[in-house]
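So that we are looking at the same thing, I have put the structure below in structure tokens.
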Amino acid sequence: MFSLNFLGGEVGFWQGKVEKLVDDFHDFRPTILAMVPRLLNKLYDKVRSELRKKGILGRILFRLAVRSKLALIRRGNSSQNTIWDKIIFEKIRQSFGGKINRVVSTSAPLSPEVCRFSRAAFSCLFIECYGQTECVIGCSQTINDIESGETGIPTAMNYIKLVDVPEKEYYAKDNIGEICIRSPAVFKGYLKDEAKTREAIDEEGWLHTGDIGRWTPYKTMKIVDRKKNMYKVRTKVGKVRDTGARKQ
């Protein structure tokens, strides 16, 4: 917090209730929005729910709006003054304060569908990142990377390799396997838990993340699975998919 204040930033404290989070955003008027996919999923589901009330015409209009905005973004045009903004997207941006100029999605996979919607809705720099508490940000999309569902290239100081997971038939020779990270940013270990530390970091200093990744033809990383296959989301347990925790 002190660093933010020193650099001219402001710190706001939320009301402690998830259902009032958008109200907090509206009051804080942030310029940089770092979000977990769960919140973007909720936003997407809320918009879709509203469109269902407008019938098939509303749904067609929404799909056309997203497609048209993405076409502009791919050509380097992130204008927020198109007809689609006036009809749909401006209301979304204003609900977050109306000043956002970049959005960062991190901590879990974001479905391509929600990613495309988010890029169109916010019409600003949108970056997907991959990282863990144990290593901060391991991969990040670059400014000009607008592919959906990918987490980009290794960030500065980070080395990333894939290792075989034979029990799930993932092999590094096929550019797919468990993501391992070696970097000065990797943590030293878990407090007073040497056994768990040895399980996470091997003798060569590689952090075994437990996430399954695949190198794309563009040398970017895509998260496709979990080594142990299961993870917790509140009270439910489910397999990691590229759709994250979004309800279908």
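Return the loop-located GluC sites (Glu not before Pro) in segment 92-154 (DSSP other than H, G, I, E, B) with at most 15 other Cβ atoms within 10 Å of their own Cβ; answer none if there are none. Spell out each step's value before the answer.
Details: sites: 113, 128, 134, 147, 150; in loops: 134, 147, 150.
Sites meeting the loop and neighbour criteria: 147.
Can you tell me the equivalent ellipsoid semi-axes for the chain? Use √(5λ) from the Cα gyration tensor, largest first, whole Å. Write down the numbers at each step before the final one.
Values: eigenvalues 224, 95, 66 Å².
Here the semi-axes work out to 33, 22, 18 Å.
Which residues' amide hydrogens lie under 5 Å from the amide hydrogen of residue 126, considering only partners 5 or more residues apart or on another chain, with H built in the peptide plane?
HN-HN under 5 Å from residue 126: 103.
Follow-up. Describe numerically, in nm with one decimal, the distance between label points set 7 Å from Cα along Cα→Cβ at residue 26 and at residue 171.
Taking the simple label geometry, residue 26 and residue 171 are separated by 5.6 nm.
Can you tell which of 155, 133, 220 shows the greatest fluctuation in a Gaussian network model of the chain with Cα springs below 10 Å?
For the chain, modelled as a Gaussian network with Cα springs under 10 Å, the answer is 133.
Further question: Trypsin sites (Lys or Arg not before Pro), restricted to segment 134-192: which are DSSP loop and have at most 13 other Cβ atoms within 10 Å? Each step should come with its number before you reach the end.
Working: sites: 161, 168, 173, 182, 188, 192; in loops: 188, 192.
The qualifying sites are 188, 192.
Filter the chymotrypsin sites (Phe, Trp or Tyr not before Pro) in segment 3-80 down to the DSSP loop ones having no more than 12 other Cβ atoms within 10 Å, then list what survives. Present the calculation step by step, with values, prior to reporting the outcome.
Values: sites: 6, 13, 14, 25, 28, 44, 62; in loops: 13, 14.
When the chymotrypsin sites (Phe, Trp or Tyr not before Pro) of segment 3-80 are filtered for loop state and at most 12 Cβ neighbours within 10 Å, 13 remain.
Still on this model: Going by amide H atoms built from the backbone, whose H comes under 5 Å of the H on residue 152, apart from near neighbours?
221
222 nm [θ] for the chain, helices only, -39500 (n - 2.57) per DSSP H run of 4+, per residue, to 500? Mind dumping the intermediate values first?
On the way: 7 runs with 73 residues, N = 248.
Taking each H run of at least 4 residues, the total per residue is -9000 deg cm²/dmol.
Between segment 22-84 and segment 113-132, how far is it from one alpha carbon centroid to the other, in angstrom?
Answer, in whole Å: 10.
Each reported figure results from applying straightforward, stated rules to the coordinates on display, with no laboratory input. Note that this is a predicted model, so its numbers are computed, not measured. Cβ sites come from the backbone with ideal geometry, for glycine too, and all protein chains shown count toward neighbours.
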